[in-house]
Structures are given as structure tokens and as C-alpha cells.
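Worksheet for the structure shown next.
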Amino acid sequence: MRRRNSQRLAWTTALLVLSSAVALSACEPEPPSTQGPILPSTANLDSTPGPPLPEDAIIEPAGAGEASKQSTEEAYGSYRPDDKKPEERVPDILARGRLIVGVDRSNNLLSYRDTASGEVRGFEVDIAREIARDIFGDPNKVDFRFVEASERARALNDRTVDIVIRTMTISPSRQREVSFSIPYMQTDARLLVLKNSGVESIADTAGMTLCATKGSTMVDAIRTHAPASDILETRAWGDCLMALQLGQADGIVVDDALLSGMLAQDRYTEIVGGPLESQNYGVAVRKPDGTYDSRPLIRQVNSTLERIRKDGTWQRLFNEWLGDYMDQPMLPAPKYLDETPPATESQPSSPSSNHPGEKKEGH
């Protein structure tokens, strides 16, 4: 029995010594090779370290895109509200029982999905609810559809939505694709950067990367005001904010209404420099054509926008959503088309004409 225990102890000791030798040999450096250094496989190299760019984002190198030439063309007016009731203007929408509105899902304070409640909220969302209130007598009869910035005109022309309320700037080029209401917001394009970045205006951004969304007028604004800057183009403004926070962009160029939402989300950001250009947001509607007359819907929308200007609703909504982050803008006076038929014609003037008549009215 004693001999067996002695043999077992001897085997155990031998195994421990062997294991220690293997471990020590594994820790020792290999002798230098006579064939030169061994390089890592290129398959394991990451040529773009750091987090990936936002999904579907692209970078336009400085000078690669040509800024649009400044045009003297002005946006023409909208269709004046008439004295008809919703039953006469938009009977199909009334029969359906809801208004279908294209909005954004991530423009904080303007149009976004509340992660806590799952509801769509914001200044533009409440504008849509006011339009529904005047049609149905119920502000909740709205079906919100999320549309990307580059898909706004298509969603209207495909009749996926009735109207789009998604920071869509009224411009002559866009009026060739869609019709607009009178403005519901006036904004100034500005530059947002991280605090302590050293950037004091857009003139300081040469060699840097500025962010804007694809299809937005801000891409052209960067080409114009910062021609020596690269442009990161993303699907959504929320992607621009994330890119700024991750160091993938040095600044964001967009209207101050949108920047208000970013300031509310990140207290380490600030707006620097003066306004770059002023723009007006309008409710977008499908253009009238031979198969669809959208003028009654446009009149319905404009009647609501005039009402909320007069009864204080617009002021209340602005104070609730944006008043803490931006100065209150002065809304431009409504500009309406002159629909008086020419002496030789019986049809009202069309917004597709080269020089439509227009009238301006204030309140």
C-alpha cells in the first residue's frame, strides 16, 4: 500500500514538472527569424478604424459637387382659402375617416417618435393635428407615415400620403415637383458644432467635414458657403448629430428649427456664426394635374394655417416646442396666386405657368 502511494506521488510530481516546462516555453519569445519580420495578414487590417458611418451615408469630397447658381426666380404663391366646408373640399378624405400625413421619425421637437410612449410628437405633428381638427372636428384622426427626406415628393405623387409636413423648404425648384401651402415656419440656416471646438463660424471649417441630409437644400448651402469642406450626406438629421458626437463630422448645417432639437438633445453643442440663408417651411401637397385636382386640399390646409395664426394656436405651439431654443421668427405674409381668369380664358392660372400672378396679404 505504501509502495503504491509512493508511485502515485512520483507520477504526479513528474506531470507537474512537465506542465510547468510547457507553460514556460509558451511564455518565452521565439528566436529571431533569419527571413525578416513576419507581417500580419492584410485580411485582418481595418483600413477604416472607428465606428462605421451612418447607414447609407456618403462623403462628397470638397469641390466634387457644384453649387447651384443663384437664381433670381422666386417661389410663387399658394391657393387662397375659399368659403367652402371640408365636405365640399375634401370629401374623399372625410369618407376615409383619417388624414394621411408624411412626417419624420427623428427630428426632435419637430417630428419624432417618443421612445417612452411610442407616440409621434412635435411641432409639425401638432400642425398636422390642427389640419385634421378642421376637417374632422377631431385632431386625432391622423395616420402618420414616416418618409425619408429624399422620398417626400415621391410619396405625394404616388398618393402614399395626402400631405407632407417634414421641414420641406418652399423653393422654385421644388414647386416643379409639388405644390405648397403658405409658410408655417420661417428659419435661418446655421452651423452647429461641439463646444470648445474652436470653430466660430463656417469660415473656419476649411478642410473639415460638415453634415447634411441627402436631398436637402443644406447640401447646396455647404457647397456655397463652405466650398473647402467635405460633406457627409446622411439619411436623417439624427444621423448627423450622431456623426458629430462620434467625431465623424465637425459641424452640421441646417435650419435653426432643426438645430433646436439637437441642442435639446446634447448640451455640449452650440450654434456659431451668423445666419447663412433664410428659408420657409410649407405643407407639401401633390400638384394639380389632369387626373387629380389637389387645389381644394391646398385651400383646406391654408384655411387652417390662417386660423392658427389668428387665434394664437401657432404661438402656443411654438412656445411649447421651440421657444426655449430659438428666437421667434416673423412669419411672412401669405402670398396667394391671382386666380382671376384672363379675358380670353375661363380656367384659373396654374402654378406650372412660367409667370403666375400672385398677391400678397397680411393679417
Selection count, the stretch 155-203, where residues are under 19 Å from Leu241 (Cβ atoms) and not basic (Lys, Arg):
12
Scan the stretch 95-109 for residues that are over 25 Å from Ala257 (Cα atoms), touching a residue at least 40 places away in the same chain (Cβ under 8 Å) and basic (Lys, Arg) and jot them down.
Arg98
Name the residue that is farthest from Ser181 (Cα to Cα), counting only residues in the stretch 279-316 that are in a loop (DSSP other than H, G, I, E, B) and of a type in the set (S, T, N, Q).
Thr291
Return the residues of the stretch 233-246 that are under 15 Å from Asn196 (Cα atoms) and either buried (at least 19 other Cβ atoms within 10 Å of the Cβ) or touching a Lys or Arg at 6+ places or on another chain (Cβ under 9 Å) (or both); say none if nothing qualifies.
Leu244
Look through the stretch 118-152, keep the residues that are in a helix (DSSP H, G or I) and among the charged types (D, E, K, R), and return whichever of them is most open to solvent (accessible area, probe 1.4 Å).
Arg133
Mind checking which pairs have a first residue in the stretch 74-94 that is farther than 12 Å from Ile182 by Cβ and exposed (fewer than 12 other Cβ atoms within 10 Å of the Cβ) and a second that is of a type outside the set (Asp, Glu) and modelled with pLDDT under 95, Cβ under 9 Å, 6 or more apart or different chains?
Glu74/Pro172
Among the residues of the stretch 317-331, the number that are in a loop (DSSP other than H, G, I, E, B), surrounded by fewer than 17 Cβ atoms within 10 Å (Cβ to Cβ) and out of contact with any Gly (no Cβ under 9 Å at 6 or more places or on another chain) is 5
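Yes/no per residue for (1) open to solvent by 10 Å² or more (accessible area, probe 1.4 Å); (2) of a type in the set (Lys, Arg); (3) in contact with a strand residue (DSSP E or B) (Cβ under 7 Å, 6 or more places away or on another chain):
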{"position": "Pro172", "(1), (2), (3)": "yes, no, no"}
{"position": "Ile182", "(1), (2), (3)": "no, no, yes"}
{"position": "Ala189", "(1), (2), (3)": "no, no, yes"}
{"position": "Leu192", "(1), (2), (3)": "no, no, yes"}
{"position": "Thr205", "(1), (2), (3)": "no, no, yes"}
{"position": "Ser216", "(1), (2), (3)": "yes, no, no"}
{"position": "Ile231", "(1), (2), (3)": "no, no, yes"}
{"position": "Gln248", "(1), (2), (3)": "yes, no, yes"}
Which of the numbered conditions does Gly274 fail, given that it passes all the others? Conditions: (1) surrounded by fewer than 22 Cβ atoms within 10 Å (Cβ to Cβ); (2) closer than 17 Å to Asn107 by Cα.
(2)
Lone unmet requirement of (1) of a type outside the set (D, E, K, R); (2) modelled with pLDDT of 95 or more; (3) over 19 Å from Thr213 (Cα atoms) for Asn157:
(2)
Helices (runs of 4 or more DSSP H) wholly in the stretch 1-111 with at least 3 residues that are modelled with pLDDT of 70 or more - which ones?
86-89, 91-96
If we scan the stretch 193-207, do we find a residue that is closer than 16 Å to Ala64 by Cβ and under 13 Å from the mean Cα position of the chain (by Cα)?
no
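The values are calculated or read from the model by the stated rules, or taken from the named source; none is laboratory data. All of these numbers come straight from a predicted model, not from anything done at the bench. Every residue, glycine as well, gets a Cβ built from its backbone with ideal geometry; the counts of neighbours run over all protein chains shown. The protein model used for the area step is the full one, side chains on, heavy atoms only, and it has no ligands, DNA or RNA in it. Shrake-Rupley method; radii C 1.70, N 1.55, O 1.52, S 1.80 Å.
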